[in-house]
Structure formats: structure tokens, C-alpha cells
Amino acid sequence: MKYYVYILQTQDNTLYCGIARDVQKRFNEHVSGKGAKYTRIHKPVEIVYTKEFENRSEAQKEEYRIKRLNKKEKLKLIGDKKKGV
């Protein structure tokens with residue numbers, strides 16, 4: 001079953017990274033206040049990045065890697081993805 005790593009941009013311009021099988025459904029959970037504790041405080045505005053993986057383990061490894069990046073590096077990752085890199 002496929003898993004996705006996603007990054008959300010919040011109202012206060014922070015970034016939140018997570019994994020899900022259905023990114024849109026998970027985004028809706030975050031928006032409704034049923035998602036992560038972080039997104040209850042920092043309201044999500046949009047999905048700015050997604051990447052597909054074949055299994056949960058690969059997705060978790062990528063999520064961990066992304067969470068260790070600083071904001072500048074995350075913004076570069078998002079920018080590269082939008083450019084199709």
C-alpha cells in the first residue's frame with residue numbers, strides 16, 4: 001500500500017511534515033482540529049509538498065529526514081518539487 005510524505009504550510013507561515021495514505025483526507029483532519037497537536041495551534045492553509053512511497057517504512061525515513069532540515073532547506077525542497085526536480 002502506498003504512503004505519502006506531505007508538508008503543510010500554516011497560517012503563521014510555519015511548515016508541518018507528516019505521512020499519510022490519503023493526503024487530502026489527512027489535510028481535512030488537520031483543518032478540522034482532529035489532526036496533530038501542532039496543527040491545532042498552527043492552522044494549516046495548504047498542502048505544499050507530497051512525495052509517494054511504496055511502503056510506510058520508506059515514508060517514515062523520508063519524514064524523519066525532512067523534519068531534520070532547517071526551514072531554508074525545506075523551502076528549497078518545496079521549490080524544487082514545484083519546478084519538477
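Only the coordinates and a few stated rules stand behind these numbers; no lab work does. These numbers come from a predicted model, not from an experiment. Neighbour counts are summed over all protein chains in view; Cβ atoms, including those assigned to glycine, are modelled from backbone coordinates with ideal geometry.
General observations
- Residues located in the stretch 26-67, provided they are over 24 Å from D12 (Cβ atoms), in contact (Cβ under 8 Å) with a residue 12 or more places away in the chain and of a type in the set (G, A, S): A59
- Odd one out for R56 among (1) under 14 Å from I78 (Cβ atoms); (2) more than 12 Å from the chain's Cα centre (by Cα): (1)
- Verdict on L8 being part of a loop (DSSP other than H, G, I, E, B), under 21 Å from D80 (Cβ atoms) and not hydroxyl-bearing (S, T, Y): no
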